[in-house]
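Accompanying notes for the structure given below.
The values are calculated or read from the model by the stated rules, or taken from the named source; none is laboratory data. Owing to the predicted nature of the structure, the values given are computational and were not obtained by experimental measurement. Every residue, glycine as well, gets a Cβ built from its backbone with ideal geometry; the counts of neighbours run over all protein chains shown.
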Amino acid sequence: MSLSISLSPFPSYPQPLQTISLFKPTTISTPPKLSNLPSIRSVHKNSDQPPVATSKPRWENMLSTAASLYPVYVTVGGIVACLRPSTFSWFVKRGPTSYSFALGFIMLAMGLTLELREFFSLFLQRPLSILFGCVAQYTIMPSFGWIISKTLGLPPAVSVGLILLACCPGGTASNVVTLIAQGDVPLSIVMTVCTTLGAVILTPLLTKILAGTYVPVDAVKLSISTMQVVVAPILLGSYMQSTFPAAVKVVTPFGPLLAVLTSSLLACSVFSENVVRLKSSVVVASVSSEASPLLRARAILSGELGVIILSVLLLHFAGFFIGYISAAISGFREPQRRAISIEVGMQNSSLGVVLATSHFTSPMVALPPALSAVLMNIMGSSLGFFWRYVDPSDSQTTPKVYDK
């Protein structure tokens, strides 16, 4: 699982990339400096030649295929959490410690595939698009998180949760969606790492500025937690990858599947915890326990949960749409527009869940990030499959921005 060099994709997009041509040299206008990016493990002398694919054992392909079903896992888990919340009680009772360890494991799996030397090499090859994408991530989403919470008049705890979600870095699930959408996958990968590292300062700072009017926000404690559960595991994994390459090579094929299952468990557990509270609300209590499941579902969606779902949908829609429009106005090529749109629109909802459960007394703060894990993946996957059948070729008259 590698791109043009030894930097490997992160656990959230486990497709067998060795057999997929990420770019189409005959249709996509690619600057000379970047034309060698799709090659495997080494740069080809003749950039006109397609990358040489390396085959993987069948069992590795099966693991990759299983891990690629992440949106299915969180969707099914969300349905189970609605119908039978007690399924996840064993994990919920151990929270927030269990949540922190789960996210730490996910980030460790990411670090095991990351070679810092190759990451910096990719960064230096396309600084303009990476910088633009990171700025878009930490301006578009936080702004709309605040605007939506004000416009819909969300309760204070839910507003804080939505803003916290909006201030989180890009999620690693965006990488697989970018691949499906025929976007710029290396750009998506580097943006994910950069926004994740920047989350140590930017997520707590922006949350305090935008959500501090609702409840007290301790930016320092948020920053320390982000460092502990995100940055430290990534750096540890990268260190292990460079120090014990043989051992890491043995466990790496299992990493993506374990990571997506852990992420699904984390999101669905928090969601089930809040479903119990929502079912005890006045609206739901007024519905007879013998009512049909459809009637009970309508009662739930017409109440507070329906408004929260709408707020999360609007937030991610704004990220996808404004991210794409801003990249298009700035003159980036179509594959880069798609990567930036997807990266901005898809958040690290697991981080939002952990920070919410660890630093805020109201459990409702964690509900928007938990819902996001389900809704975001459905929206992102749908967008990716739509773009999969739309030619990413640029118009001859479209202005283009090249990294220098």
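A few points about this structure:
- Residue satisfying condition, being more than 29 Å from CYS268 (Cβ to Cβ), without any contact (Cβ under 8 Å) to a residue 24 or more places away in the chain and not β-branched (Val, Ile, Thr), within set LEU116, LEU128, LEU124: LEU124
- Wholly within segment 288-393, helices (runs of 4 or more DSSP H) carrying at least 1 residues that are modelled with pLDDT under 90 and under 17 Å from the mean Cα position of the chain (by Cα): 349-359, 367-388
- Any hit, segment 110-117, residues being of a type in the set (S, T, N, Q) and either farther than 20 Å from SER238 by Cβ or at pLDDT 85 or above (or both): no
- Residue within segment 123-135 that is among the polar types (S, T, N, Q) and at pLDDT 85 or above present: yes
- The criterion of at least 1 residues that are touching a Cys at 6+ places or on another chain (Cβ under 7 Å) and over 23 Å from ARG117 (Cα atoms) is met, among helices (runs of 4 or more DSSP H) falling completely within segment 157-273, by 185-211.
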